Amino acid sequence: MADPIPFRAKPRTAARSAVVVGAGIGGLACAIALRRAGLTVQVVEQARKLREVGAGLQLTPNATRIIRDFGLLTRLEQVAVTPRSLDVRSGASGATITRAHYGPAASRYGAPFLVVHRADLQNLLAEAAQAEGVLIALGSELTAVEPAFGGVRAVVKQGENLIAHGADILVGADGVRSAVRAHLGVAKPPVFAQRLAYRATIPVPARHPPDVRLYMGRDAHLVVYPVKGGATLNLVAIVKHTEPVARWSAPGDGAAVHAAFADWAPEVRDLLKAAPHFLCWGLYDIDPLPRWSTGRVTLLGDAAHAMLPFLAQGAAQSIEDAAALARALQKETDAATALKAYETERLGRTARIQSEARRNGMVYHLSGAPRIARDLVLRRQGAALLDRYGWIYKV
């Protein structure tokens, strides 16, 4: 079935223009949603080139449903992969603990589960935003957020010049270390999860099924799934690390990865050995914030609710934020009221998902008797495993 023709709303008096700080997945989704709600949109991005790193991500029905509403699902499916099943395995033996097929769950929740390379999704969103008339200013480092003539403006540094971008509202979609969050006075520091993520991509091995595989073991786990239309396999190896690490997309120590998984099943070791190199991230989230908005400024995505990747909801919740903000601006007639309504709608849900993601990070790494109990519960859930998170997927 073809994607629906995107609805073009008439401008409402709540806001007619927006500045979005950050051109990641959340910021670009926000720009598209606000354009479709009738606002003029300027995106400012510190990077000089749009370049998503981190390889793959998973998109669940709560996100793909919104992408379909944007009229972009068919294009996304051309570069993404529809995985067959979630295959949960023992890291030590490689044996399957439980498997849940995505097809029946996608039917229940009315939209597909997809896995995609981050760069492919970002490029698609950037092209769609620009086709909608969004202006994207790269190489723009935020230096100040200021009130201006009943609205707000972002002052950015471009080269040696300071440029002010004024609008009715400003949206901070600038990540876990958000500068906009600091301007709002809710600058909670990121929390180190005592985990490192080593990421790599390899050619898909022969006869490797199009599954999302999760291998679990003591103090580590490995997530594997295809991207790039099924030609490339995305590897994410998570290991325990107690000392805070500020690295973001830095070269990773392959020897450390192989040492962490040395006693795991041969298939795990073979996958890791096939990686020519790894990139390394320290994993951080933030504690739930008391508020996201002040006046005509609000937060979105990781700036508002950075979460650990153990529920595959980071990108999905950013996309949800974008749609919710656009709805609030269409419903209300006052900008500040609309931003508060958006915040009220999203605070509880995202805080719950943040908490569940932290919990999964502990559950994945159990050993001894707790691991045996966890595996027993997973076996009993079987095909119903995905429905445990139906409260996330069905909104």
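Values for this structure:
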| quantity | calculated |
| --- | --- |
| Relative contact order of the stretch 109-177, pairs being alpha-carbon contacts under 8 Å that are 6 or more residues apart, as % | 18 percent |
| Distance in nm between pseudo-label sites at LYS49 and ALA231 (7 Å out along the Cβ direction from Cα) | 1.9 nm |
| HIS258 accessible area, assembled protein chains, probe 1.4 Å, Å² | 70 Å² |
| Under-5 Å amide H pairs with ILE136, H placed in peptide plane, nonlocal only | VAL43 |
| Carbon and sulfur %, accessible surface of the stretch 81-229 computed with the full protein complex present, 1.4 Å | 51 percent |
| Extended-chain gain in nm, criterion 0.36 nm per residue less alpha-carbon gap, SER107 and GLU243 | 44.6 nm |
| 32 Å Cα-Cα threshold exceeded, pairs from LYS240/LYS340; LYS188/LYS331; LYS157/LYS273 | LYS240/LYS340; LYS157/LYS273 |
| Relative contact order of the stretch 197-349, pairs being alpha-carbon contacts under 8 Å that are 6 or more residues apart, as % | 18 percent |
| Label-point separation, ALA92 to THR333 (7 Å along Cα→Cβ), nm | 6.6 nm |
| Where labels lie 7 Å past Cα in the beta-carbon direction, separation of LYS394 and GLU160 in nm | 6.1 nm |
| Convex hull of Cα atoms in the stretch 115-222, direction-averaged projection (nm²) | 11.4 nm² |
| Computed E for VAL377/GLU146 - FRET, C-beta separation, R0 45 angstrom, nearest 0.05 | 0.30 |
| PHE261 accessible area, 1.4 Å probe, all protein chains in place, Å² to nearest 10 | 0 Å² |
| Directionally averaged projected area (convex hull, Cα atoms, the stretch 186-227), nm² | 5.0 nm² |
| Percentage relative contact order, the chain, counting C-alpha pairs under 8 Å, at least six apart | 23 percent |
| P(r) weight above 14 Å for the stretch 295-345, C-alpha pairs, percent | 50 percent |
| Taking the C-alpha atoms of the stretch 181-286, convex hull volume expressed per residue in Å³ | 126 Å³ |
| Accessible-area order (highest first, 1.4 angstrom probe) of the listed residues MET307, MET362 | MET362, MET307 |
| For ASP387, solvent-accessible area (1.4 Å; no DNA, RNA or ligand), Å² | 60 Å² |
| Computed lengthening from ARG269 to SER367, 0.36 nm per intervening residue step minus Cα-Cα distance | 33.3 nm |
| For peptides 284-296, 313-325, sequence by mean Cβ density within 10 Å, most packed first | 313-325, 284-296 |
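The values are calculated or read from the model by the stated rules, or taken from the named source; none is laboratory data. It should be emphasised that the depicted structure is a prediction, and the values quoted were computed from it without experimental measurement. Neighbour counts run over all protein chains shown; Cβ positions are idealised from the backbone, glycine included. Surface accessibility is based on the protein's heavy atoms, side chains included, excluding ligands, DNA and RNA. Shrake-Rupley method; radii C 1.70, N 1.55, O 1.52, S 1.80 Å.
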